[in-house]
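The values are calculated or read from the model by the stated rules, or taken from the named source; none is laboratory data. Everything numeric here is computed off the predicted structure, so don't read it as measured data. In this analysis, Cβ positions are derived from the backbone assuming ideal geometry, glycine residues included, and neighbour counts consider all displayed protein chains.
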Ligand code: GLU
């Protein structure tokens, strides 16, 4: 295939929020296009009117916007193969269905929903499954079984019908999948799928194949759940006399534990999002969490998704979108499903936080501080971030790691007090106050050297003094290197906190 003609598409149905598995599918399409100098197209497949959910299309666009994934052509973008929304292409599909009927690859079926439901029940009663196929179609209400005049009369009378594909008898369909290699299916096991519905709309199968052809799609890269549709799609291309695109079916994202596909329920159960953005169900009003609102950086989210099913062939894990586009290849997409690991997702976000400039993190942290009511000097915030960011996975977690920089403790962790505020703590901290008052150079290194020398000279327990010191400064036994904290707080504030601590904790009676 000529490099210039590489065209791939992401073709979501707007039936609700986009699952992260869908985002990954789109990402792999995007990377494949970028890597090969091709085009990436967004097509909205909204022919199933019963499954349409308001807001879902905007959600999809907003999600890709947030991720930094851009389309070359598509809905909201335009392009030479539009319109890119199937409901706006509605009028063009019928002619293709008619063409298949004329060529003998499809037929009219007049069976009503009730008739088919009845048949299904009958089969079930005999512990069999009803399949609309070569074995039964001659006995049903369709243009293959009925005399031509009868069919014509039904059509003239505007009797509702669907158009079904006539699955060939005893035909081995041989296909190639770029991920799983050669695949073979006997058409006998397939049913006469509906191509065109009585509501005047094509089904997914017809619209998808027609559009992929008209939009000159070269590679169909999609989720594994569509693998069973591949033989039908191949047969449709054949029936139309069109060259089929290449296919690659991506393995599923699996639950973090147990078996099966990663679902929203797993996220609810284990506490992580399975959608890129928060989603509010327009019917129930129920809100579902998203990666964006949970505080993930889009770059970290994308990096994490890229590695769920693809690997670069070496140990590298951190890639920007551009770097991914350079190294991505379908050959390195695994055949088996990838287990989703929520801890790893957090790890990725942490890595991006560590990589980020403290100044930029300060911009993101500032609104959190404002909300908490603590506005301070920006340089101070930048310094604080430098000290605590290795302990946080998200910007919002910076607050619990650093609150004591912005306010003196208003309470002291009772467990820590019990364990670390000893009978001699009061006197030692009181004495420490004198030591600290006398220091001129309040840098971390100097304060540390002076305090440690004093402890040694007095033969106090190093751990005992430093833990009590931390307790009065922080209010708990958390935080970065104690002397970095006091140096940043400064001499005055440190002394003030010692005062408060002494007053609040008092002398512990032995
Ligand atoms: N509309 C289908 C979906 O929602 C597209 C499948 C395909 O890529 O062919 O997943």
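Just wondering, is there one or more residues in the range 148-159 that are within 16 Å of the ligand (Cβ to nearest atom) and modelled with pLDDT of 95 or more?
Within the range 148-159, none of the residues are within 16 Å of the ligand (Cβ to nearest atom) and modelled with pLDDT of 95 or more.
Among what's in the range 27-46 and is within 10 Å of the ligand (Cβ to nearest atom) and buried (at least 24 other Cβ atoms within 10 Å of the Cβ), pick the residue that is farthest from residue 200 (Cα to Cα).
Within the range 27-46, the match that is farthest from residue 200 (Cα to Cα) is 29.
Give the residues of the range 57-74 that are part of a loop (DSSP other than H, G, I, E, B) and within 21 Å of the chain's Cα centre (by Cα), sorted by residue number.
68, 69, 70, 71
Filter the range 6-22 for residues that are within 12 Å of the ligand (Cβ to nearest atom) and not in a strand (DSSP E or B) and give the result.
Residues of the range 6-22 that are within 12 Å of the ligand (Cβ to nearest atom), as a first pass: 8-16, 18-19, 21-22.
Result: 11, 12, 13, 14, 15, 16, 18, 19, 21, 22.
Among the numbered criteria (1) away from the ligand (no atom under 11 Å from the Cβ); (2) part of a loop (DSSP other than H, G, I, E, B); (3) within 27 Å of the chain's Cα centre (by Cα), which single criterion is violated by residue 217?
(1)
Inspect the range 78-85 for any residue being touching a residue at least 40 places away in the same chain (Cβ under 8 Å), within 16 Å of the ligand (Cβ to nearest atom) and surrounded by 22 or more Cβ atoms within 10 Å (Cβ to Cβ) and give the result as yes or no.
Among the residues of the range 78-85, at least one is touching a residue at least 40 places away in the same chain (Cβ under 8 Å), within 16 Å of the ligand (Cβ to nearest atom) and surrounded by 22 or more Cβ atoms within 10 Å (Cβ to Cβ), which makes the answer yes.
Being over 24 Å from residue 41 (Cα atoms), at pLDDT 95 or above and out of contact with any strand residue (DSSP E or B) (no Cβ under 9 Å at 6 or more places or on another chain) is the filter here, so list the residues in the range 169-219 that pass it.
Residue satisfying the conditions is 181 alone.
Could you figure out which of (1) in a helix (DSSP H, G or I); (2) away from the ligand (no atom under 12 Å from the Cβ); (3) free of Cβ contacts under 8 Å to residues at least 24 places away in the same chain isn't true of residue 226?
(2)
On the given criteria, is residue 54 more than 11 Å from the ligand (Cβ to nearest atom), in contact (Cβ under 8 Å) with a residue 40 or more places away in the chain, surrounded by fewer than 17 Cβ atoms within 10 Å (Cβ to Cβ) and part of a loop (DSSP other than H, G, I, E, B)?
yes
Going through the range 15-51 one residue at a time, which ones are in contact (Cβ under 8 Å) with a residue 40 or more places away in the chain and over 30 Å from residue 331 (Cα atoms)?
15, 16, 46, 47, 48, 49 - these are the residues of the range 15-51 that are in contact (Cβ under 8 Å) with a residue 40 or more places away in the chain and over 30 Å from residue 331 (Cα atoms).
Can you confirm whether residue 243 is surrounded by fewer than 22 Cβ atoms within 10 Å (Cβ to Cβ), in a helix (DSSP H, G or I) and either more than 13 Å from the ligand (Cβ to nearest atom) or within 25 Å of the chain's Cα centre (by Cα) (or both)?
Considered against the rule, which asks whether it is surrounded by fewer than 22 Cβ atoms within 10 Å (Cβ to Cβ), in a helix (DSSP H, G or I) and either more than 13 Å from the ligand (Cβ to nearest atom) or within 25 Å of the chain's Cα centre (by Cα) (or both), residue 243 comes out as no.
Select from the range 460-483 the residues that are surrounded by fewer than 20 Cβ atoms within 10 Å (Cβ to Cβ) and touching a residue at least 40 places away in the same chain (Cβ under 8 Å) and list them in ascending order.
464, 467, 476, 477, 478, 480, 481
Given the criterion more than 16 Å from the ligand (Cβ to nearest atom), buried (at least 21 other Cβ atoms within 10 Å of the Cβ) and assigned to a loop (DSSP other than H, G, I, E, B), identify the matching residue among 290, 313, 285, 295.
After applying the criteria, what remains is 290.
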